[in-house]
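All remarks here apply to the structure that follows.
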Amino acid sequence: MMQVRLFKPSVGEEELANIRTVFERAWLGLGPTVVQFEKEWNAYLGAKNSVGVNSGTAALHLALTSYNFPRGARVLVPAMTFVATATAVLYNHLEPVFVDVAPDTLNLSLDDLQRKITKDCVAVVPVHFGGHPVPMEKLLPIARAHKLAVIEDCAHCAGGSYNGRKLGLWGDIGCFSFEEKKGMTTGDGGMMSTNQPELIEPLRANRWVGIDKDTWKRAAHYTADQETDTRHWYYEIAVLGYKYNMNDLMAAIGLAQLRKLDRMNRRKAEIIARYLERIKDLHRIRPLQPYQLEDSGYWIFGVRCEQRDALILHLKKRGIATGVHYMPLPLHPLFRTNTDSIPAARKVWEFVLTLPLFADLTDVEVDYVCDALQDFERK
Ligand SMILES: Cc1ncc(COP(=O)(O)O)c(C=O)c1O
């Protein structure tokens, strides 16, 4: 029996070669490779400034920190997302407001967004769910009219574009995750990117326990012959920082992954097209989202099925891994006191199922999954 994983990072010789270079320098922490990765990421995305961190969660946390919002201010987040979208709000002593999903895309509903905006809302964090773009040309005027900062959660859509512009550059700050299951990976890792450099430049200290100097650059002065400065070790802490830095090993992997990103996204689009073609006549199993594959950066491929749990078992018996993204956040005990109304999310999440998708998935494996889906339809 075939065993098909749900996600699998596409890593090999290119990543190893970059890691070797970092080993040879024997500087593994925050250093020149992080700087190079940030530069190449800027060039790839078309961003003016990017700050590398050790997770997408850290990126979201710090992006919100940059605004210094008053304690207790409210931030609009989708109800169906990974918990980090909302915990980043809590870390900043802010309060999440859960916006219901648009039933067709599973992105946040713009109608519900408008209903939930109150005068104490300061920001909105749209998540491009599964890599499917939020209609940013519609979201932005709503956000601007209410003076909301727009932090795009791009954990699912690295490299994806919408209407010719890279996702992550539509709002004020784009936050990416390079966690191991994502479209590109650095093991764990994340990035904040923007075309308003002043928004995130100060966060370089926040990601580095508050230190306002670059240790790699300072190290060059520790031993220099002509140096008369005895204070080469000096730094000051002016802000509350976190140990959130990306390191050179992560960046080494990231540089290799970045070169493959478009290719990996194109391959995933091809796989999704193959899935869609093979399930187009099924009635019990329908595509999760209205996939638009051109210039896309989809992270997951999913289906909707009224007998979802039976389908999970059917696939499990055939060695096919599945997942559920996501149980709505207000259903978690952490948010039990939240009373936001999210009827669409409460209904739809019971029927969603994530199927295997990653760049190295073979056509034979996709066909094996599709055969199993067709078997289920006939049962
Ligand atoms: C929507 C969303 N936001 C944020 C994150 C957090 O990313 P990380 O795992 O890199 O902290 C994830 C991770 O799965 C995610 O799915």
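The values are calculated or read from the model by the stated rules, or taken from the named source; none is laboratory data. On a predicted model such as this, the values are computed, not experimentally measured, just so you know. Here the Cβ positions follow ideal geometry from the backbone for every residue, glycine too, while neighbour counts run over all protein chains shown. With ligands, DNA and RNA removed, areas are computed over all heavy atoms of the protein, side chains included. Shrake-Rupley method; radii C 1.70, N 1.55, O 1.52, S 1.80 Å.
Assorted remarks:
- Residue in the stretch 328-342 that is farthest from the chain's Cα centre (by Cα), counting only those that are over 18 Å from V127 (Cα atoms) and part of a helix (DSSP H, G or I): P333
- So H314, is it surrounded by 15 or more Cβ atoms within 10 Å (Cβ to Cβ), farther than 23 Å from S10 by Cβ and either aromatic (F, W, Y) or touching a residue at least 24 places away in the same chain (Cβ under 8 Å) (or both): yes
- Pairs with Cβ under 6 Å, 6+ apart, first in the stretch 291-311 and open to solvent by 50 Å² or more (accessible area, probe 1.4 Å), second in a loop (DSSP other than H, G, I, E, B): R304/L288
- Set E180, E201: member being within 16 Å of the ligand (Cβ to nearest atom) and not polar (S, T, N, Q): E180
- Residue check for R207: open to solvent by less than 40 Å² (accessible area, probe 1.4 Å), modelled with pLDDT of 85 or more and closer than 18 Å to W27 by Cβ: yes
- Check on M264, touching a strand residue (DSSP E or B) at 6+ places or on another chain (Cβ under 8 Å) and either modelled with pLDDT of 95 or more or loosely packed, with under 14 Cβ neighbours inside 10 Å (or both): no
- Leading residue by the ranking (farthest from the ligand (Cβ to nearest atom)) among those in the stretch 77-93 that are open to solvent by less than 10 Å² (accessible area, probe 1.4 Å) and over 15 Å from F129 (Cα atoms): V89
Results for (1) of a type outside the set (S, T, Y); (2) on the phi > 0 side of the Ramachandran plot; (3) in contact with a strand residue (DSSP E or B) (Cβ under 8 Å, 6 or more places away or on another chain); (4) within 13 Å of the ligand (Cβ to nearest atom), shown as yes or no for each residue.
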position	(1), (2), (3), (4)
T185	no, no, no, yes
G190	yes, no, yes, yes
S193	no, no, yes, no
Y222	no, no, no, no
E227	yes, no, no, no
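- Just one of (1) out of contact with any helix residue (DSSP H, G or I) (no Cβ under 6 Å at 6 or more places or on another chain); (2) within 25 Å of F7 (Cα to Cα) fails for M184. It is (1).
- Criterion: without any contact (Cβ under 8 Å) to a residue 40 or more places away in the chain, among the aliphatic types (A, V, I, L, M), open to solvent by less than 40 Å² (accessible area, probe 1.4 Å) and within 16 Å of the ligand (Cβ to nearest atom) - qualifying residue of V134, V125: V134
- Total residues in the stretch 157-177 satisfying the condition of being within 12 Å of the ligand (Cβ to nearest atom) and either more than 16 Å from V125 (Cα to Cα) or assigned to a loop (DSSP other than H, G, I, E, B) (or both): the figure is 2.
- Which listed residue is more than 16 Å from the ligand (Cβ to nearest atom) and closer than 21 Å to A310 by Cα, from L355, L361, L331: L355
- Identity of the residue in the stretch 6-65, of a type in the set (G, A, S) and within 16 Å of the ligand (Cβ to nearest atom), that ends up most open to solvent (accessible area, probe 1.4 Å): S55
- Residue within the stretch 314-324 that is touching a strand residue (DSSP E or B) at 6+ places or on another chain (Cβ under 6 Å) and not in a loop (DSSP other than H, G, I, E, B) present: yes
- Among the residues of the stretch 178-202, the ones that are hydroxyl-bearing (S, T, Y) and farther than 17 Å from A149 by Cα come to 2 in all.
- Restricting the first member to the stretch 162-188 and to residues that are in contact (Cβ under 8 Å) with a residue 60 or more places away in the chain, and the second to residues that are near the ligand (Cβ under 9 Å from one of its atoms) and among the polar types (S, T, N, Q), the beta-carbon pairs closer than 7 Å and six or more apart or on different chains are S177/S55; E179/S55; D188/N54; D188/S55.
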